[in-house]
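The values are calculated or read from the model by the stated rules, or taken from the named source; none is laboratory data. Being a predicted model, the structure only gives us computed values, none of them experimental. Here the Cβ positions follow ideal geometry from the backbone for every residue, glycine too, while neighbour counts run over all protein chains shown. All accessible areas refer to the heavy atoms of the entire protein, side chains included, with ligands and DNA or RNA removed. Shrake-Rupley method; radii C 1.70, N 1.55, O 1.52, S 1.80 Å.
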Amino acid sequence: MQGAQVVGRVALLLRLVGRKPEGTSLAGLVRESGLTRPTVHRLLTSLAAEGLLEHDAATGKWVLGPEIFLLGSVAAARFPMEDIARPSLRRLASETGESAFFSIRRGNETVCVLREEGSFPVRSFVLHEGVRFPLGVASAGTAIMAFLPPEEQEELLADWKAHAGDFAAGHSADVVRRNLEETRLTGYSVNPGLVLEGSWGMGAAVFDQQGRPAWALSLTGIEPRFRADRQEFLGKLLLEEAHKITARVQRA
């Protein structure tokens, strides 16, 4: 393999392993990466030798290694969004009782990077740090995609099944278009259990210094906590906190 190709495949495997804190099997990584089994095994073994991955002998799954933690700790100092977003997450979790999250846009995906648990005892576990969703899927991805330029939205929608992957079944292009339009009208997104039945979410976009949606705040929980009579209250809180972060980012 050429050098650039190797780097691309290594990055792909690290992202795939990082999606599941409990680890991913070799067979799962082969299936999700589209690479051959010998290639995946060789790369995983090399990454483990460098401490970037570890193989859990008890479960047979691959998990992120200690070197990833060290690299992430160093990199975190360059990205102050945790300091900026954490107060908003705490206020949202405190005022709603739901779990609050902060996600970033990476290419055509959103990645959850921060979480703050609420006091309500029953929680949805669809979202956690490291989880990635295609733009337009789940509440954070819908909130961000809704405020992208129309041509960027149409580019994703034109090849929607390939973009959404396994999520396309629950997120048809028509459903996504309606969700995007509703999000633009209200300012916040609502995910009515499309990722997992009974697990609802709401999100609001946070904008960078150029006025582009780069991050999102979201709340997740069980369906009875997100019925229509409460959505306006939750949406108002999300928008208030999203505006606070946006204002702080744009003053920086």
Of all the residues that make up the range 49-84, how many are in contact with a Phe, Trp or Tyr (Cβ under 8 Å, 6 or more places away or on another chain) and more than 27 Å from residue 116 (Cα to Cα)? 3
Residues of the range 96-114 being within 24 Å of residue 159 (Cα to Cα) and open to solvent by 10 Å² or more (accessible area, probe 1.4 Å), in sequence order, are 104, 105, 106, 107, 108, 109, 111
Filtering the range 4-51 down to residues that are small (Gly, Ala, Ser) and open to solvent by 50 Å² or more (accessible area, probe 1.4 Å) yields 4, 27, 34, 46, 49
The range 115-145, subset modelled with pLDDT under 90 and aliphatic (A, V, I, L, M), residue most open to solvent (accessible area, probe 1.4 Å): 122
Quick check on this structure: which one of 58, 11, 85 is closer than 27 Å to residue 246 by Cβ and of a type in the set (Gly, Ala, Ser)? 85
Being part of a strand (DSSP E or B) and in contact with a Ser or Thr (Cβ under 8 Å, 6 or more places away or on another chain), is that true of even one residue in the range 229-249? no
Suppose we keep only residues that are surrounded by fewer than 21 Cβ atoms within 10 Å (Cβ to Cβ) and modelled with pLDDT of 95 or more within the range 181-194. Which one would you say is farthest from residue 139 (Cα to Cα)? 185
Let me confirm something: among 48, 11, which residue is touching a residue at least 12 places away in the same chain (Cβ under 8 Å) and in a helix (DSSP H, G or I)? 48
From the residues in the range 206-252 that are of a type in the set (Phe, Trp, Tyr) and modelled with pLDDT of 95 or more, which one is surrounded by the fewest Cβ atoms within 10 Å (Cβ to Cβ)? 233
Quick one: which residue in 174, 166 is open to solvent by 20 Å² or more (accessible area, probe 1.4 Å), within 19 Å of residue 106 (Cβ to Cβ), free of Cβ contacts under 8 Å to residues at least 60 places away in the same chain and not in a loop (DSSP other than H, G, I, E, B)? 166
The conditions are (1) more than 25 Å from residue 165 (Cβ to Cβ); (2) exposed (fewer than 13 other Cβ atoms within 10 Å of the Cβ); (3) not hydroxyl-bearing (Ser, Thr, Tyr), and residue 55 fails exactly one of them. Which is it? (2)
Is it true that some residue in the range 146-158 is modelled with pLDDT of 95 or more, out of contact with any helix residue (DSSP H, G or I) (no Cβ under 6 Å at 6 or more places or on another chain), of a type in the set (Phe, Trp, Tyr) and open to solvent by 20 Å² or more (accessible area, probe 1.4 Å)? yes
